[in-house]
Structure formats: C-alpha cells, structure tokens
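Accompanying notes for the structure given below.
The values are calculated or read from the model by the stated rules, or taken from the named source; none is laboratory data. Please read these numbers as outputs of a predicted model, since none were measured by experiment. Neighbour counts run over all protein chains shown; Cβ positions are idealised from the backbone, glycine included.
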Amino acid sequence: MDKKHKSISYAKWGYIFIIPFLIVFITCQLIPLFNTFYNSFFENYRDGLAQIGPNFVGFDNYIKLFTPNKSGSINIVNYACNTMIMWIIGAIPQLVFSLLLAVIFTSARLNIKGQTFFKTVIYMPNLVMASAFSMLFFTLFSNVGPINQIILAMTNNTFEFFRNPVSTRCIIAFINFLMWFGNTTILLMAGIMGIDQSLFEAASIDGATSGQVFFKITLPLLMPILLYVAITSLIGGLQMFDVPQIITAGSGSPNNSCMTLIMYLNRLIGSGSKNYGMGGAVSVVIFILTGALSMIVFKTMVTRDDKPKKKAKKVKEAVKNG
Amino acid sequence: MANPNVAKYKEESKSYRAQQMVTRVLAYIFLVFVTFLSLFSFYLLIINGSRSNAELQAGFTLIPSTHFGDNFITAITDNALFSLPRGLWNSFFIAASSAILTTYFSAMTAYGIHVYDFKGKKFIFTFILAVMMIPTQVSAAGFIQLVNQVHLNDTYWPLIIPAIAAPAIFFYMKQYIESSMPLEVIEAARVDGSNEFRTFNAIAVPMLKPAFAVQLIFGFVASWNNFFTPALVIDSSDNWTLPIMMSILRSKLNSQNGDLGEVYMMILLSIIPVVIVYLFLSKFIVKGVALGAVKG
C-alpha cells in the first residue's frame, strides 16, 4: 500500500522532467512538420510585393513539381540525382578509407604507435564550419587561387574548375569526404572492437593472412555497423546544403548540376519568394525519400547480412576443428 | 628428423616477419598520407592568411609571409558588408546558449525517463527514437512560418529555443545514464530528504559530467556551424552569424575580386575557435563519438 502510494507520487515528477522537451519538440518540430505537409496543398507565395494565397489547390504543387520544364527534364528529379551523384562520389572513398583506417588502428599485429595523434588529426575536419571550409576550397580552386597558379605555371593555361560540372561536383564531394571520413573511421573502429577478439586470435594461430582475416572475419561481422554508417551517411547526403550552397553561391551552377534538394528548398522558402506551398511539397518529397532510402538500404543489407554471418560461423567452426 | 622441420619453420617465420614489416610500413605510409590530406588545407589557409593581396595574386608558395597582422586588422575592421567581430559574437552567443540548453534539457528528459515510471513513458521513448532520423530541414517551411507569425524572425530566439528538444542528444544521455547511474543513489538522496529536482541538479548532473562535456562541445559546434536555419531566420546584417557572412563573402567574390588576404583571414577566424577548443579536448571528443557509436 505504502509502496504503491510512493510510485504514484513520483510518477508526477517523470512528467515534470520531460515536459520542457515535449513542449518545445511539439511546437518547434512536430507542428511545423504537420504545417509543412498541410501547406503543400495550398498556393501560398510572394510575387514581388504581392502575397498570393493561401488558396487550397489540392495536389497542384506536386503536379507542378513533377512537370517537365521547357528542356523536357524534371527539375526536382535532376536535383535529387545531383544530390545522389555527389553523395556517391564522396561516400565511396569515405567508406574505403575509413574501413582501411579502422582496420589499421585496431590491428593488434600492426600495433600502430601515435594512434591518438592520427585520430585527432583525421577527426578535426568534421568539426570545422562547413561553410568556411567550402569558402576555403572555393578560393583555393578559383581562377586566381593557388591550384590554378600551379596549373598556369605548368601549362600556361588556367582550368576553370567551377565552370565544369564534373570538377565542381568532385570538389564538393571531396570536401564532404574530407569532413566525414574521420567520423566514419571512429564509428567503424568501435564496431571492430566489438567483434569477439578470440576469433582474431584463432585466425592468427591458424596462420590466416591479414587479407583472409579482413574478408572472412572482420568484414562479415562488421556488416551491421557498416549498414548503420551507410544509412546515416545517406541521410546526411540527402541533406547536403552548406558545401554546394557556398561553392556555387546558391546558384547550383554550372548549369544547375550542383543544385541539391535542400538548396532548392532553401531557394523556395527563402526571403525572396516565401513559397511555402511548393516548399512544403519539396519537403514532403525529401521526407519520403529519406524514409524510403533508409528502408531500401536497410533491407538489402539485412538480407546480405545473413549469408556472411553463416560464413563467419563456418569459419569459426573450421577454426575450431583445426 | 626434427631438424629440417625447425629450419622450415624458421624460414617461414622469417618470411612472415618480413611480410609483416612491409604491411606495417605500408600502414604508416597510408597514415601519413591521410594526415597530410587532413592538414594540408589548414596549412594553406594559414599561409595564405599571412600573405598580402598582391603576393597572393603574384603566385603560389608554401612559405608564410609577413602580413598576418595586417590581414588580421583588415578582417576585424568593419567593412562595407558586415562586421566580423559582430558575427563572431552572434555566433558565440547563439552557440553557447543552445549548447547549454540542449545538454541540460536532454539530460533532464533522459533522467526523467530513466528514473521514473509513468504512463506513456514507453510510447514517448519510442516516439523520440522514431523521429530522430527525420532531418530538421523537412519541417523548416512550417517552422519559418511559425517564426514569422510570432514575429520572432530576425532574432536569436528561433535559433536557440529549439535546442531544448534534441532527440539525438537525449538518446546519448539516456545511454550514458543507463550505464553509469545506479538508482540507489537517487533512492539515498530521497531518504535524506532531497526533493526530486534538487536530486537531479545536485547529484545526477555532477555524475553526468563526462557526458555533459562531450555534448556541450557537440552542441556548441553544431550550432556554431549551422547555416541552413540562420540563413532563413536572420535578415539584418547586425544579426548575421558567421556562416551567413561566409555566403556573403562568397557572393562578393563572384562579381569582383576583393582583398584575398582578408578573405583567407576571415575564413581562418571563423574556423579557429572550434579548432582550438578541439585540440584541448580532442580526447573526450573522439571517445564521445565512439561512445555514440555503440547504438549501431
């Protein structure tokens, strides 16, 4: 009786402790989220000084969003492709470098000295202001920047990096890669250290080479963490904004080849047009993409995950049997 | 009979050791390369920040020049577009306030969920985890409308208040509390007559110091570097934060070539505060990232 009374009186405190979080979450994120969705069904924007709407237009904003433009391509699809292309160019070296570094750092055989130093250095770019970092790369690669001064000295010509879609995309992807591979390395290291160390010992007693250990033990058992890293990187990639926005001065140039989804959203709801109708529709598309892509990656990784696990078991058994 | 086997074994172990030696050397070469990759851009930034505009236009060098002080003075002097010290202060004020709010309230929420039993607790916890992955940009349109409706546009508030509800930091705190705070301590405080709120502030918070340190830094850095929301909320140049100033600087370079030495110095000044803090606290930070990884 007494105990029951006690737990009831303390429950009140549970609510008191979480109420600030909930209130702010509901007003600053949940209601705006619903409002964003709701607004996507209205015509609501500013044309010069005149305010148009809000008028209910049903799915018109979505239809407009997916209507091909004069040149026959659909803007939002292009922007989504740009975002994905730049993400992939950056994510592949990021995963390869991180995996390699994580294996090097955790390898008992290699026993790398100065780990703290290396980890500190490779993680540093992650904390640096993306917009300032991009500004730096813009000045380095600009027509009067040091890179072009070297090219000029060697070839008597300058290369206009930011007039070429491929080089602009690669520079943006490179900045993202540089900023994120340290973070990924640390996540993967935590994953590798979570693997049962006796497996590595057994493999080394059996004389397995580093390559065998990596492909037969580390990689299969690391799959869940790799999955997590890939998903978060993908979701982060979809939100790509700071770097291309600064590099291209918000224009997505050359030829809109570096315009990302969030840059498009920013352009729509920014102080110029305040187009909350179209902006809402773009937000919904990003929301669905984020959800769908995480599901796809999750599913493919999970089904692939089953086999290596069995393989790892086989390896384990094989190791046990000598 | 044993002899040839031993010889063979020795031979094998020799080649094995040689192979291992090669792997080690390759590993170190790779590490040096990666270190170079991470540091080179910062090195160029410092070098270029020390060179005058004329020198920068003249050609490329890896040797620092003598105009560091001059560039510093021009950079912090108000120019036609904005005042960098003003931007440093705006960014600092917003980042420090949101870091404190986000850490304290996330810890408070995590503590509330961990320590007390109440109706709907499980639902709230699952809900927070579910929304953790939704990017904040998705609700930006609605958020900006709300900000305009309550006339808080062009103020710091819309950049500070939302920090109270940060699902990711809440989750980190929840994990930390679970692993490091025995409920007996809270029980003991109760027996001693401490009220619940005081127990949290005087007993739980000091126990969470390491988690607080990590999240204060992350909260600060996230807000300091944030570009998307401030760009939508802040209009007047007096309230601009550093990332907005970077974008202004960038559009200015689009049309004309300004003093490049000044530009490099401004970039350096925007980056340097976080780098200095990082170099002092890197151990905690790197550990903190790894700790957050456990959830994977």
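Can you work out which of the residues in the range A:108-138 that are more than 27 Å from B:LEU281 (Cβ to Cβ) and modelled with pLDDT under 90 is farthest from the other protein chains (Cβ to nearest Cβ)? Outline the logic, then answer.
Here is the first cut: in the range A:108-138, the residues more than 27 Å from B:LEU281 (Cβ to Cβ) are A:108-110, A:138.
With the extra rule that they be modelled with pLDDT under 90, the set shrinks to A:108-110.
On the way: A:ALA108: 12, A:ARG109: 7, A:LEU110: 5 Å.
Restricting to residues being more than 27 Å from B:LEU281 (Cβ to Cβ) and modelled with pLDDT under 90, the top hit is A:ALA108.
Just to be sure before I move on: is A:LEU226 assigned to a helix (DSSP H, G or I), modelled with pLDDT of 85 or more and more than 8 Å from chain B (Cβ to nearest Cβ) in the structure I sent? Yes.
Residue by residue, here is whether (1) within 11 Å of chain A (Cβ to nearest Cβ); (2) part of a loop (DSSP other than H, G, I, E, B); (3) farther than 24 Å from A:GLY280 by Cα holds:
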residue: B:HIS114; (1), (2), (3): yes, no, yes
residue: B:GLN145; (1), (2), (3): yes, no, no
residue: B:ALA189; (1), (2), (3): no, no, yes
residue: B:ASN201; (1), (2), (3): no, no, yes
residue: B:PRO210; (1), (2), (3): no, no, yes
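A single member of A:SER198, A:SER167 is closer than 23 Å to A:GLN239 by Cα, without any contact (Cβ under 8 Å) to a residue 60 or more places away in the chain and more than 10 Å from chain B (Cβ to nearest Cβ), and it is A:SER167. Each residue in the range B:14-35 was checked for being charged (D, E, K, R) and more than 9 Å from chain A (Cβ to nearest Cβ), and 2 pass. Among the residues that make up the range B:118-126, is at least one of them in the same structural domain as B:THR241 (by TED's automatic domain parsing), among the aromatic types (Phe, Trp, Tyr) and not in a loop (DSSP other than H, G, I, E, B)? So far as the range B:118-126 goes, yes, one or more of its residues are in the same structural domain as B:THR241 (by TED's automatic domain parsing), among the aromatic types (Phe, Trp, Tyr) and not in a loop (DSSP other than H, G, I, E, B). Of the candidates B:ALA141, B:ALA107, B:ALA163, B:ALA130, the single residue that is within 26 Å of the chain's Cα centre (by Cα) and within 8 Å of chain A (Cβ to nearest Cβ) is B:ALA141.
If we only count helices (runs of 4 or more DSSP H) wholly inside the range A:1-94, which ones have 1 or more residues that are within 14 Å of another protein chain (Cβ to nearest Cβ), out of contact with any Phe, Trp or Tyr (no Cβ under 9 Å at 6 or more places or on another chain) and among the hydroxyl-bearing types (Ser, Thr, Tyr)?
Numbers: elements: A:2-25, A:31-39, A:60-65.
Passing ranges, in order: A:2-25, A:31-39.
Among the conditions (1) more than 14 Å from chain B (Cβ to nearest Cβ); (2) touching a residue at least 12 places away in the same chain (Cβ under 8 Å), A:GLY191 misses just one, which is (1).
Per-residue answers, yes or no, for (1) part of a helix (DSSP H, G or I); (2) out of contact with any His (no Cβ under 6 Å at 6 or more places or on another chain); (3) under 24 Å from B:ALA140 (Cα atoms); (4) of a type in the set (A, V, I, L, M, F, W, C):
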position	(1), (2), (3), (4)
A:PHE159	no, yes, no, yes
A:THR168	yes, yes, no, no
A:TRP180	yes, yes, no, yes
A:ALA190	yes, yes, no, yes
A:VAL213	yes, yes, no, yes
A:ASN255	no, yes, no, no
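Residue count for the range B:237-296, restricted to those that are modelled with pLDDT of 85 or more and among the acidic types (Asp, Glu): 2.
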